[in-house]
1. Tell me which lysines have Cα within less than 16 Å of Lys210's Cα, excluding those fewer than 8 residues away on the same chain?
2. GNM, the chain, Cα, under 10 Å: largest mean-square fluctuation among Lys144, Lys21, Lys45?
3. Using r as the Cβ-Cβ distance of Lys282 and Leu324, and R0 as 45 Å, what FRET efficiency do you calculate, to the nearest 0.05?
4. Mind checking which of Pro64, Pro322, Pro133 has the largest fluctuation in a GNM of the chain, springs on alpha carbons under 10 Å?
5. Scattering from the C-alpha atoms of the range 100-228 alone, worked out with Debye: what is log10 I(q)/I(0) at q = 0.10, 0.13, 0.19, 0.20 1/Å?
6. With charges only on Cβ, +1 for K and R and -1 for D and E, what is the dipole size of the chain about its Cα centre, in debye, rounded to 20?
7. Between helix 299-310 and the chain, what is the angle of the helix's C-alpha long axis to the longest principal axis, kept within 0 to 90° and rounded to the nearest 10?
8. Run the numbers for Lys315 and Lys167: contour at 0.36 nm per residue of separation, minus the present Cα-Cα distance, in nm.
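Quick note: the coordinates plus some simple rules give every number you see, no bench work behind them. Since the structure is predicted, the reported quantities are computational estimates derived from the model, not experimental observations. Here the Cβ is made from the backbone with ideal geometry for all residues, glycine too, and neighbour counts use every protein chain on show.
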Amino acid sequence: MKIALSMTLLATSIFASTLAKEASEAGLKPIPASKAELMKLIDNKNNPITDAKVELGKKLYFDPRLSKSGFISCNSCHNLSEGGDDGLSAAVGHGWTTNPHGLNSPTVYNAVFNDAQFWDGRDPHLEAQAQGPIQAAPEMAATKEHVVATVTSMPAYVAEFQKAYGKDVKITFEKVADTIGLFERTLVTPSRFDAFMNGDVKALNKEEQKGLKTFIDKGCATCHNGVGLGGNMNAFNVAAEYKYMNVGDFKGDANGMVRVPTLRNITMTAPYFHNGQIWTLKEAIVEMGRIQLGVSITDAEAASIETFLKSLDGKMPAIALPMLPASSAATPKPDLK
């Protein structure tokens, strides 16, 4: 009996180790277990991460006064309590304006692993991306001048910028966006999948391992790979047309390429696809198989893949809600128009 049990455990361990190798060969990469190795992936050599910058970036991320209305913050559309997105099919911004292109807010968690930012990949990193929504009329609708005037009107913010960047720091719109982007770089969520890929063969159970195998065998890793299990630019509607392509006018970049969404914490980021028209993982999996891989994914296969995807739910960073500096008489007043 003991020999049989030992043989079973050995076979299980061998299968898991072989599967982890197969996943690696398919392009799947874990979040490093080592903090030093993780920092190599997320740090910005032009603006190194420090505790002071991260704390300041967090305050700016949560501060609605950066917006024209004084009501919308980065966290409004990328809610860190709700999977890093807003749970809506299309983002809602200034004046209750729905995104004019019908675009869904992607999660900010693990966005540091993306090859490019925005659905059309137009910005290369988080610091550049942070500038866009602040100025976009359907989003925060602010000007660079408004942002600088708001931040510099509060002595506490000025002091924090000096602490983070030195006494001679010049507070510019770009510096504000850079600091928000730097905070976002720290929003990574290691999961049991990462532990499995980093050598803990027991981190995924038998059904989850089976789901990972199905995920690889069906070809899902063709697009959903790398540390983010997504985040790269890829062609869309490869084998067929997405059934909700008529919702919104988004067609990708100039070459029809679309940024592949991360699968990390995918259970928390419904609705799915660029226009948020699919609300269940099963439907999303089947539709992706049809339009991207040209294959029919059965209910059993979809359920197996979904079981694996749930193992990508990660440990969220502990984020204490920041207390923001008090406004002053010089702070721009809210403008809802």
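1. In chain and number order, the partners are Lys21, Lys202, Lys218, Lys310.
2. Ranking Lys144, Lys21, Lys45 by mean-square fluctuation puts Lys45 first.
3. 0.65
4. Pro322
5. Those come out to -0.50, -0.73, -1.12, -1.19, one per q.
6. So the dipole magnitude of the chain works out to roughly 560 debye.
7. The angle comes out near 50 degrees.
8. 49.7 nm
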